[in-house]
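Visitor: One structure follows; several queries about it will come next.
The numbers here are math on the coordinates, done by the rules we state, and not lab data. On a predicted model such as this, the values are computed, not experimentally measured, just so you know. Every residue, glycine as well, gets a Cβ built from its backbone with ideal geometry; the counts of neighbours run over all protein chains shown.
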Amino acid sequence: MNYRSAWVALMLLFAVPALEAAAENAEPTEAERADQSRHLSKTYGEKLKSALVRAIKAGGPETAIAVCNVSAPAIAKRDTASSGWSLSRTALKLRNPKNAPDAWERSVLLKFQDQIDQGADIATLEHYETTTKDGERVFRYMKAIPTQGPCLTCHGSNVSPSVKAKIAEFYPEDQATGFALGDLRGAFTITQPVP
């Protein structure tokens, strides 16, 4: 081996670990952030659905309303703390005014509704992009939430008087009834900071 070949081999020996370390520390791509967000929103949705089903079995739909009021924000808060990202739900027809969409979220929800009106499968609807929020660069993700059968108990057109009364107790300005199976109920919304 000549001096030049030895030099190249030595440089490669040090370069490969440096390149591997750089790859491990690289910022995730938009596609990777979307995958992470997809996973987080799916996990959050499963936790919320599980809590609601347990509440309905334990005390009926009136109990589930309290779960939505107390447990849903607590689950989101825990998931936000563990991920470092902002996680919540939003909708065009609100039950909880604290979940009101900002301008970006509203435009995405309207886009989802247009796509549904044109025949898109609501289960596949998501949107993500890197943008700015409050002057900071962020990655934002939204995943459409379809109205499912159990949702109609509290969000449908034929809500029982006892459920209506419990909704009014927790949400006096409720707008979130009159939904049909498969309607756009809202969306999970995630914001990730981007360095």
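Visitor: Using the basic label-point model (7 angstrom from Cα toward the beta carbon), what is the Lys93 to Glu30 distance in nanometres?
Guide: 3.2 nm
Visitor: Give me the one-decimal nm value for the distance between modelled label points at Arg78 and Ala66, 7 Å along each residue's Cα-to-Cβ direction.
Guide: That separation, rounded to one decimal, is 1.8 nm.
Visitor: How high is the FRET efficiency between Phe170 and Lys47 when r is their beta carbon distance and R₀ equals 25 Å, given to the nearest 0.05?
Guide: Values: r = 20 Å, r/R0 = 0.80.
Computed FRET efficiency for Phe170 and Lys47: 0.80.
Visitor: Just to confirm a number: summing +1 for Lys and Arg and -1 for Asp and Glu over residues other than Lys47 whose beta-carbon lies under 14 angstrom from that of Lys47, what do you get?
Guide: Net charge around Lys47: +4.
Visitor: About the Cα centre of segment 74-178, what is the dipole size in debye to 20, counting +1 per Lys and Arg Cβ and -1 per Asp and Glu Cβ, all else neutral? Intermediate results must be reported in sequence, preceding the final value.
Guide: On the way: 14 positive and 13 negative charges, 64 e Å.
Dipole of segment 74-178, to the nearest 20 debye: 300 debye.
Visitor: How compact is the chain by the rule of thumb for globular proteins, expressed as Cα Rg over 2.2 N^0.38 Å?
Guide: So the Cα radius of gyration is 1.38 times the expected 2.2 N^0.38 Å.
Visitor: Specify the inter-centroid distance of segment 81-96 and segment 109-172, based on alpha-carbon positions, in whole Å.
Guide: Each part reduced to its Cα centre gives a spacing of 10 Å.
Visitor: Net charge near Ser88, counting Lys/Arg +1 and Asp/Glu -1 over other residues with Cβ under 11 Å of its Cβ?
Guide: Around Ser88, the surrounding residues sum to 0.
Visitor: Please give me the summed charge of the neighbours of Asp134: other residues whose Cβ is under 15 Å from its Cβ, Lys and Arg +1, Asp and Glu -1.
Guide: So the environment of Asp134 carries a net charge of 0.
Visitor: With the dipole of the chain worked out from charges on the C-beta (+1 for Lys and Arg, -1 for Asp and Glu) around the Cα centre, which of Pro193, Pro172, Gly45 lies farthest toward the positive end?
Guide: Pro172
Visitor: Run the dipole for the chain about the Cα centre, Lys and Arg Cβ at +1, Asp and Glu Cβ at -1, nothing else charged, and hand back the magnitude in debye, nearest 20. Show your work: numbers first, answer last.
Guide: Details: 23 positive and 22 negative charges, 119 e Å.
So the dipole magnitude of the chain works out to roughly 580 debye.
Visitor: Filter the cross-link list Lys47/Lys77; Lys111/Lys133; Lys57/Lys98 down to pairs whose alpha-carbon distance in this structure exceeds 22 Å.
Guide: From the list (Lys47/Lys77; Lys111/Lys133; Lys57/Lys98), the Cα-Cα distance tops 22 Å for Lys57/Lys98.
Visitor: While we're here: Going through segment 112-195, which GluC sites (Glu not before Pro) have at most 12 other Cβ atoms within 10 Å and a DSSP loop state?
Guide: Working: sites: Glu126, Glu129, Glu136, Glu169, Glu173; in loops: Glu173.
Answer by residue number: Glu173.
Visitor: Also, I was wondering about something else. Roughly speaking, what is the stretch gain from Ser162 to Ala123, that is 0.36 nm per residue apart minus the C-alpha to C-alpha distance, in nm to one decimal?
Guide: Taking Ser162 through Ala123 to full extension adds about 10.9 nm, to one decimal.
Visitor: While we're on this one: Could you give the dipole magnitude of segment 51-134 about its Cα centre, charging the beta-carbon of Lys and Arg +1 and that of Asp and Glu -1, in debye to the nearest 20?
Guide: Dipole magnitude for segment 51-134 comes out near 480 debye.
Visitor: Sticking with this structure for a sec: Run the reach check for Lys164 against aspartates and glutamates, Cα to Cα strictly under 14 Å, same-chain hits fewer than 8 apart removed. What comes back?
Guide: Glu62, Glu173, Asp174
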